[in-house]
1. Of ILE53, ILE71, which residue is within 23 Å of LYS160 (Cα to Cα) and within 16 Å of the ligand (Cβ to nearest atom)?
2. Is it the case that region 149-156 has a residue that's small (Gly, Ala, Ser), touching a Phe, Trp or Tyr at 6+ places or on another chain (Cβ under 6 Å) and surrounded by 21 or more Cβ atoms within 10 Å (Cβ to Cβ)?
3. Please go through region 204-238 and give me each residue that is free of Cβ contacts under 8 Å to residues at least 24 places away in the same chain and aromatic (Phe, Trp, Tyr), ordered by number.
4. For region 83-103, which residues satisfy the criterion of being in contact (Cβ under 8 Å) with a residue 60 or more places away in the chain and at negative phi?
5. For ILE175, all conditions in the list (1) more than 13 Å from ALA85 (Cβ to Cβ); (2) within 16 Å of the ligand (Cβ to nearest atom); (3) among the hydrophobic types (A, V, I, L, M, F, W, C); (4) buried (at least 19 other Cβ atoms within 10 Å of the Cβ) hold save one; what is the number of the exception?
6. Given the condition assigned to a strand (DSSP E or B) and touching a residue at least 24 places away in the same chain (Cβ under 8 Å), answer yes or no: does some residue in region 43-59 qualify?
7. Restricting the first residue to region 9-36 and requiring it to be farther than 20 Å from GLY83 by Cβ, which pairs with a second residue that is more than 15 Å from the ligand (Cβ to nearest atom) and of a type in the set (Val, Ile, Thr) meet a Cβ separation below 6 Å and a spacing of at least six or different chains?
8. Picking from GLN136, GLN106, GLN115, GLN146, which residue would you name as being buried (at least 20 other Cβ atoms within 10 Å of the Cβ) and without any contact (Cβ under 8 Å) to a residue 60 or more places away in the chain?
Amino acid sequence: MSTATPLLEVTDIEVAYGEARALFGVSFSVPQGSVTAVLGANGAGKSSLASAIAGVVHPRAGRVVFDGHDITGKSSHTIARMGLAYVPESRNLFPHLSVKENLWAQLRFSLPRAQRKDAYDKAMAMFPVLGERRSQAAGTLSGGEQQMLALARVLAASPKLLIADEMSLGLAPRIVDLVFESLARARDEGVTVLLIEQFVERALGFADQAVVLRHGLVGWQGAAADAGDELLAEYLGGETASSV
Ligand code: ATP
């Protein structure tokens, strides 16, 4: 793995839902300015890992250090305000609120008042279709537009780290391209990215390093360029190397 300063360090994280354990001691670090892909078959623990880092699920054991601060067990609100943006698989939009209201709700959550107006303008500039739809209820947007809204509302706050869980799930290839373009722009602006992706080839093409989970453990980690087909077939079974 890279020797650059880690922005995120996850050490021996364990997550359980009652008696059901999802993660059994996962450790890895994310260098500042890098893109890390988290891969794994269904149920491997990818979403549990993302939500434990973002403070949505509280880990049973282990430590998460973000930007030099121990954030283990802190609230998702505190963590968001520290510059960690999280887009869950469910997108967490308010379906009955308009695009504009959804943006403001997120900006109130993640930014101090003085920075919100500029961030709102930035979100609207990121995907012009959001401006056209600003009065429309989020629940009536297409899947692609909803994903753009989910992404714009966190990237507008210029986070240090973006954790994006299965952003391209169910989207048309053209929209997946748009999503990856906006992730690339964010990366070029200095946002560190932790990407959970079902499109393995696409994720590895974009990422610097990869962490492959299997049954709640790290099966492999290393440079994305070294994650060959054989290794992916071993860890992901039939789900390897899908592409759009
Ligand atoms: P997928 O790609 O299907 O979303 P994943 O790799 O993200 O899978 P997780 O969603 O983290 O995996 O699930 C890991 C394990 O934890 C699975 O066995 C899953 O059934 C279980 N699990 C996840 N969420 C819950 C929950 N809220 N309550 C109980 N068990 C859960």
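The values are calculated or read from the model by the stated rules, or taken from the named source; none is laboratory data. Not measured: the values here are computed from a predicted model. Neighbour counts run over all protein chains shown; Cβ positions are idealised from the backbone, glycine included.
1. On the way: ILE71 fails: within 16 Å of the ligand (Cβ to nearest atom).
Testing whether each residue is within 23 Å of LYS160 (Cα to Cα) and within 16 Å of the ligand (Cβ to nearest atom) leaves just ILE53.
2. Yes - at least one qualifying residue is present in region 149-156.
3. Within region 204-238, TRP220 is the sole residue that qualifies.
4. Across region 83-103, the qualifying residues are LEU84, ALA85, TYR86, VAL87, PRO88, GLU89.
5. Here ILE175 clears every test but (2).
6. First, the residues of region 43-59 that are assigned to a strand (DSSP E or B): none.
No, that holds for no residue.
7. Correct list of pairs: SER27/THR11.
8. When all the criteria are applied, what remains is GLN106.
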